[in-house]
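I have placed the structure first, in the form of C-alpha cells, so that the comments after it can refer back to it.
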Amino acid sequence: MLNRTSKILSHPWTVAASNLLLLMVLYTLARVFFYCVSRDLFPSVTLPHLLEMLLGGMRFDLTAILYLSSLYLLLMLLPLPWKWRTNHTYQQVAKWCLWVPNILGIIVNSADMVYMRFTNRRTTMTFFSEFQHDDNLLRIFLTGMVQYWYVTLFAILSIVLLVLLTRQNRESDEPLTRHPLLYYPFQTGLLCLSVYFIIIGIRGGFGAYTRPITLSNALQYTNRPEETMLVLNTPFALMRSTEGRTYHDPQYFDRDTLEQLMTPCHDPELLTPYPMDRLNVVVLILESFSKEYIGYYNRHLDDGTYMGYTPFLDSLLEHSISYRLSFASGRKSIDAMPSVLSSIPMLIEPYVVTAYSTNRVSSLADCLGREGYHTAFYHGAPNGSMGFQAYARSAGFEEYCGMDEYRDYCRRNGHDADDDYDGTWAIWDDEFLQYMAYTLDSLPEPFLASVFTASSHHPFRVPERYEGAFPAGTQPIHACIGYTDMALRHFFDYARRQAWYSNTLFVLTADHTNLLTHPEYQTAKGLYEVPIIFFHEAWQQGLLDTTNVLSQTDIMPSVLAYLGYDKPFFAFGENGLTRAKEHAYAICYNAPLYQIFSDSLLLQFDGQEPRALYNYRRDPLLQHPLPSDQTPPAMLTYLKAYIQQYIVRMRENHLTY
C-alpha cells in the first residue's frame with residue numbers, strides 16, 4: 001500500500017497539480033501583500049469582505065496560471081514512454097516551461113502593485129497603446145524598483161519560493177503499471193480528463209450558461225469598482241484584454257467643442273418632470289422579444305405573413321406609452337443591462353467584457369438608491385451567470401436574487417426548485433416571475449426592481465405541461481414567446497392585487513432581437529427593433545409615439561425625468577417620456593459599422609467616412625441607398641461626438657457625473 005501511495009504521489013499528474021497549487025498560494029500571498037501595503041486604498045474593507053475577495057480572486061488566479069502553465073502541463077501529461085517522461089533533461093525542460101512564463105507573471109503582477117496606486121485598476125493591454133510613444137518606461141520601471149523596494153523584495157522572494165519548491169519527477173520514480181496494454185490507455189484517459197478540467201478552469205466554470213470569465217466578473221466580489229484591484233491579477237487582466245479591440249480616441253473634435261455637441265452629463269434644470277410622488281419602478285428586460293413577435297406594432301404588415309404571439313403584451317400596450325421607433329443598443333444579452341439600467345450602449349464590443357468594465361458607473365439603482373429607494377435585481381439563472389450579478393453589484397443594486405435565492409425560497413416552502421429548472425439556463429419564467437412578485441411584497445417602498453427573463457432562449461423549449469398550448473408559428477422561438485407572455489400575464493395578475501401596484505411605474509423592453517421572419521425585420525434596422533414600453537395603472541389610454549426615436553439608453557433618463565429626479569446624472573441617452581428628445585436619434589453598433597437612426601433616416605458610418613444612407617420609411621427593406629451628399633451634417637456630427645464621448649470617457653473612467 002505504501003509503495004502504491006508513493007507511486008501516486010510521484011505521478012506526473014500529481015506533481016503538476018502540486019506545482020499549480022504552489023502558484024495559487026503565491027498569487028494569494030501577493031493579494032494579501034498588496035492589501036497590507038495599500039490599505040489606504042481600501043478604507044472600508046472588513047475582514048469578512050477581504051476573505052470574500054481573496055476566495056473570489058482564486059478563480060482569476062486559476063485561469064491565469066493555467067494559461068501560463070499550458071506548455072508545462074502538456075509536457076507533463078503527454079502519454080509518452082515512462083523513461084522519457086522521467087528523464088532528467090525532459091524534466092528540466094518541463095520545469096523551465098513552468099518557470100519562465102510564471103516568473104514573468106509574478107513580475108508583472110508585482111510591478112502593477114505600484115502602478116495601480118495611480119490608475120486604480122489592473123493594467124490591461126491598453127497600457128501598451130497608451131504608452132507606445134514613450135521611450136522612458138524602462139527608466140521609470142527601474143526607478144520604481146528602488147523607490148518601492150519592498151515590492152521588489154516581495155517579487156524576488158516569490159520567485160525564489162517558486163524555484164525552490166517546484167516539484168519534478170525523478171528517473172527512479174515508478175509508474176502505477178508498466179504493462180503497455182494498461183499504461184497507454186490509462187495515461188491517455190488521464191490526459192483527456194485533465195484537458196477537460198483545464199478548460200473548465202480557464203473558462204471559470206462549466207455549463208451552457210457559463211461564459212469565460214472576464215474582468216467584469218470581479219465585480220461580483222466587490223462593493224466598489226476600485227476593489228477589483230484586489231480580486232483580479234495582472235496576468236489575467238492582460239490576457240483577457242487582448243481578446244477585445246482597444247478603444248482609440250478618434251479625435252474628431254477638441255474637448256470644448258465635444259462638450260458643446262454632445263454631453264452625457266445631464267442637468268436636471270433642463271428637464272420638465274411630472275409633479276408625481278415617489279413611485280416604485282419595475283424594469284422587465286425580456287429575453288429576445290423582438291418587435292416582430294408583438295402584434296400591436298405590426299398592424300401595418302398586411303401581407304398575411306404575420307401573426308402575433310403576445311396577446312397579454314398587446315393588451316398592456318393599449319394602456320401604455322410606447323414607440324414606433326425604438327431600438328436595442330446591442331445584439332447580445334450582456335449588452336442589455338448596461339444599456340437599460342446605466343444608459344451605457346454597446347459600441348465596438350460589449351462593455352462588460354472590455355478592459356474598462358471595472359469603471360465606476362452610474363445607474364438607476366445608484367441614482368434612486370441615494371433617494372432612499374430599496375433596489376433589487378432578479379435573474380433566474382445560476383448566480384454569476386452572464387456576469388449579471390457582478391454588474392448588478394457594480395451598478396448599486398442592494399439585492400441580487402438568482403437561482404440560489406430561489407432555491408432558498410423553495411426550501412422554506414417545502415418545494416423542490418429543480419422541478420422549476422428548465423435544464424439548460426434558468427428557472428422557468430412563470431415560476432420565477434411569480435417568485436419575484438411575491439418578494440416585491442416585502443420590499444420597503446419606494447423600490448426599484450429589475451428582472452431579466454430567460455425562457456425565450458435557445459434551445460427554445462416550454463415546460464412539458466404547456467407543450468402545444470401556444471401558437472407554434474414559423475420559428476421555434478414563437479411558442480416560447482407565447483409562454484413568457486403568459487408568465488407576464490400571471491405576474492401582472494398577482495401584482496394588481498397588491499398595494500404597491502398602483503404606485504408603480506413599469507418599464508418593459510427586450511435585450512435584443514432573435515429569429516426573424518418578415519423581410520422588414522431582417523434588415524440593419526429590423527435587427528435592432530425591440531419594444532420600449534412605459535406603463536402605469538393610472539393611464540386610461542395608451543399612446544404609440546411615432547415621432548420620438550428611442551434607444552435602450554433613453555430608458556434611464558426617461559424614468560428619472562418622470563419621477564422628478566432633481567440631481568445631476570450621467571447617461572448617454574436622453575429623456576423621451578415627458579417630452580420630445582433634444583437629439584432625436586438612436587445609435588447602435590452593427591459590426592463593423594456605427595448606425596444612427598433619425599425619424600426617417602439610417603446612416604451607417606465606419607468611423608472615418610459615411611458608408612450608406614437610407615430613408616427607411618420609403619425604403620423599408622433598405623435596398624436603395626441615397627446619395628452620400630444627402631447625409632445630414634447635424635446627424636453625422638452628433639454621431640461622431642457620441643462615439644468620441646463614449647471612447648474618451650471609457651478610457652478615462654469618467655462614466656459618472
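The values are calculated or read from the model by the stated rules, or taken from the named source; none is laboratory data. Owing to the predicted nature of the structure, the values given are computational and were not obtained by experimental measurement. Here the Cβ positions follow ideal geometry from the backbone for every residue, glycine too, while neighbour counts run over all protein chains shown. All accessible areas refer to the heavy atoms of the entire protein, side chains included, with ligands and DNA or RNA removed. Shrake-Rupley method; radii C 1.70, N 1.55, O 1.52, S 1.80 Å.
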_Against the conditions (1) more than 17 Å from Tyr297 (Cβ to Cβ); (2) of a type outside the set (Gly, Ala, Ser); (3) assigned to a strand (DSSP E or B); (4) open to solvent by 10 Å² or more (accessible area, probe 1.4 Å), where does Leu577 fall short? Just the number, please._
(3)
_modelled with pLDDT under 75, assigned to a helix (DSSP H, G or I) and open to solvent by 40 Å² or more (accessible area, probe 1.4 Å): which single residue out of Glu269, Glu259 fits that description?_
Glu269
_Number of the condition not met by Thr484 [criteria: (1) farther than 27 Å from Asp267 by Cα; (2) surrounded by fewer than 22 Cβ atoms within 10 Å (Cβ to Cβ); (3) β-branched (Val, Ile, Thr)]_ = (2)
_Subset of the stretch 437-470 (residues that are closer than 20 Å to Gly369 by Cβ, surrounded by fewer than 19 Cβ atoms within 10 Å (Cβ to Cβ) and within 27 Å of the chain's Cα centre (by Cα))_ = Thr439, Leu443
*Within the stretch 126-185, can you find the residues that are modelled with pLDDT under 85, open to solvent by 80 Å² or more (accessible area, probe 1.4 Å), over 35 Å from the mean Cα position of the chain (by Cα) and closer than 23 Å to Asn102 by Cβ?*
Leu138, Leu142, Arg170
_Return the pair list, or none, for Cβ contacts closer than 7 Å from residues in the stretch 47-66 that are in a helix (DSSP H, G or I) to residues that are basic (Lys, Arg), at least 6 apart or on different chains._
Leu54/Arg31; Gly57/Arg31
*Looking at Ser339, Ser362, which is the one that is under 26 Å from Glu52 (Cα atoms), open to solvent by less than 10 Å² (accessible area, probe 1.4 Å) and at pLDDT 90 or above?*
Ser362
_Given the criteria out of contact with any Gly (no Cβ under 8 Å at 6 or more places or on another chain) and closer than 21 Å to Asn548 by Cα, does Lys567 qualify?_
no
*asked:* Let me confirm something: among Arg122, Arg59, which residue is at negative phi and modelled with pLDDT under 90?
replied: Arg122
*of a type in the set (Ser, Thr, Tyr) and more than 30 Å from Pro592 (Cα to Cα): does that describe Tyr565?*
yes
*State all residues of the stretch 375-428 that are open to solvent by 20 Å² or more (accessible area, probe 1.4 Å) and acidic (Asp, Glu); if no residue qualifies, say none.*
Glu398, Glu399, Asp404, Glu405, Asp408, Asp416, Asp418, Asp419
*Can you name every residue in the stretch 610-649 that is open to solvent by 50 Å² or more (accessible area, probe 1.4 Å) and without any contact (Cβ under 8 Å) to a residue 40 or more places away in the chain?*
Arg611, Arg617, Arg618, Gln623, His624, Pro625, Pro627, Ser628, Asp629, Gln630, Pro633, Ala634
*Tally time: how many residues in the stretch 67-92 are open to solvent by 50 Å² or more (accessible area, probe 1.4 Å) and of a type in the set (Phe, Trp, Tyr)?*
2
*asked:* Which pairs turn up if I take residues in the stretch 85-97 that are among the polar types (S, T, N, Q) and look for partners that are open to solvent by less than 30 Å² (accessible area, probe 1.4 Å) and at pLDDT below 90 with beta carbon separation below 6 Å, at least 6 apart in sequence or on another chain?
replied: Thr86/Asn169; Thr86/Asp173; Gln91/Asn169
*For residues that are buried (at least 18 other Cβ atoms within 10 Å of the Cβ) and over 14 Å from Val231 (Cβ atoms), tally how many sit in the stretch 26-66.*
4
_I'd like to know if the stretch 420-434 contains one or more residues that are assigned to a loop (DSSP other than H, G, I, E, B), under 15 Å from Thr453 (Cα atoms) and of a type in the set (Ser, Thr, Tyr)._
yes
*Restricting the search to the stretch 499-512, which residues are of a type outside the set (A, V, I, L, M, F, W, C), open to solvent by 10 Å² or more (accessible area, probe 1.4 Å) and free of Cβ contacts under 8 Å to residues at least 60 places away in the same chain?*
Ser502
*Considering only residues of the stretch 513-553 that are among the hydrophobic types (A, V, I, L, M, F, W, C) and outside any strand (DSSP E or B), which is least open to solvent (accessible area, probe 1.4 Å)?*
Val530
